[in-house]
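The values are calculated or read from the model by the stated rules, or taken from the named source; none is laboratory data. Computed from a prediction, not measured in an experiment: that's the story for all the values here. Here the Cβ is made from the backbone with ideal geometry for all residues, glycine too, and neighbour counts use every protein chain on show. When the accessible area is computed, the model is the full protein with side chains, heavy atoms only, and any ligands, DNA or RNA have been set aside. Shrake-Rupley method; radii C 1.70, N 1.55, O 1.52, S 1.80 Å.
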Amino acid sequence: MLIKGFENAPVVAGEELLALPGFWAAYLMWLSQTDEYDPIPEWFGVDGADADAACDALADEDRWPVFRIPFAGGHTALILGRNFPDDPETEYVITHPGWGRHGHLATISGHQAGPGLSWRELQHIARTPDLNAPGVHAEYARLLLLLPALGDQDLPEDAQTVLGGALAEADVPAALAPHLAGALLADHPLWEPAEWTLASASPLSGSQEPFLGILHCDGYMSPRCGTRLAQGITREQSNSLARALGTWPT
């Protein structure tokens, strides 16, 4: 399987890993680790052996898993585990066959970059799968896969309920799902929650002319702070992206 820019990397489709019993524990447990919460695999309804097996699969240096989340307008969010032996990282990007390069959302690593998504965008992408494109189509799985890229200081009142419902669909015990959702939304280990606003028609001196309809964030570590989400795209392509992200009228 080839992804533009990673033709020589051992990239493979990762969707089959979602069937592993310990997948969600392996994928999300680090995100729920805060001063207040100390998660264990049992919070996800699995034991340590299942979580360890899934961790090994996610971190395989010879098979870099990529999770494809196709959404409206031919766009796809990609989550790529770049399993370098000494410096592994996870990249969150948006792609489109008409673009010259990826739109960078976030990086999970020792050189982190984020946040990459507002709650509004995260939930909209999760709810609008392109069923004709390969990848993950289940709403709960799309939401959980993209969750590590989230960073939003204005979460809606129902965010924990929505996330708890997604966790329950992922076989997290119903009695534990609300508590785990609270832990996952409490404090991101790598960045502070950001404010997300629509681009102004009068950008600050030195910034790019905005393409209206795309959210920008004020998190200084974010690839979306003062920079267009996708470089080199046309205004028409940007409008299509804004509609696909749910921030531009359809």
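What residue, among those in the stretch 146-165 that are free of Cβ contacts under 8 Å to residues at least 24 places away in the same chain and surrounded by 15 or more Cβ atoms within 10 Å (Cβ to Cβ), is nearest to Ile108 (Cα to Cα)?
Selected residue: Leu163.
If we keep just the residues of the stretch 1-45 that are small (Gly, Ala, Ser) and part of a helix (DSSP H, G or I), which is farthest from Gly114 (Cα to Cα)? Only one residue fits best here, namely Ala19. Filtering the stretch 126-137 to residues that are closer than 22 Å to Asp171 by Cα, open to solvent by less than 40 Å² (accessible area, probe 1.4 Å) and not β-branched (Val, Ile, Thr) leaves Ala126, Gly135.
Out of Ala201, Ala168, which single residue is open to solvent by 40 Å² or more (accessible area, probe 1.4 Å) and modelled with pLDDT of 95 or more? Even if it seems obvious, please write down each step before you answer.
On the way: Ala201 fails: modelled with pLDDT of 95 or more.
Answer to the check: Ala168.
Within the stretch 6-22, the set of residues being open to solvent by 60 Å² or more (accessible area, probe 1.4 Å) and either within 19 Å of the chain's Cα centre (by Cα) or at pLDDT 95 or above (or both) comprises Glu16, Ala19, Leu20, Pro21.
From Glu121, Glu157, grab the single residue that is among the acidic types (Asp, Glu) and outside any helix (DSSP H, G or I).
Working: Glu121 fails: outside any helix (DSSP H, G or I).
Going through Glu121, Glu157 in turn, just one is among the acidic types (Asp, Glu) and outside any helix (DSSP H, G or I): Glu157.
One residue stands out in the stretch 50-63 among those that are in a helix (DSSP H, G or I) and open to solvent by 70 Å² or more (accessible area, probe 1.4 Å): the one that is farthest from Ala183 (Cα to Cα), namely Asp56. Got at least one residue in the stretch 111-125 being at pLDDT 95 or above, surrounded by fewer than 22 Cβ atoms within 10 Å (Cβ to Cβ) and among the β-branched types (Val, Ile, Thr)? No, the stretch 111-125 has no match at all. A Cβ distance below 7 Å, combined with a sequence gap of six or more or placement on separate chains, defines the contacts here; from the stretch 226-250, residues that are at positive phi reach residues that are part of a helix (DSSP H, G or I) and surrounded by fewer than 19 Cβ atoms within 10 Å (Cβ to Cβ) in the pairs Gly246/Arg120; Gly246/His124.
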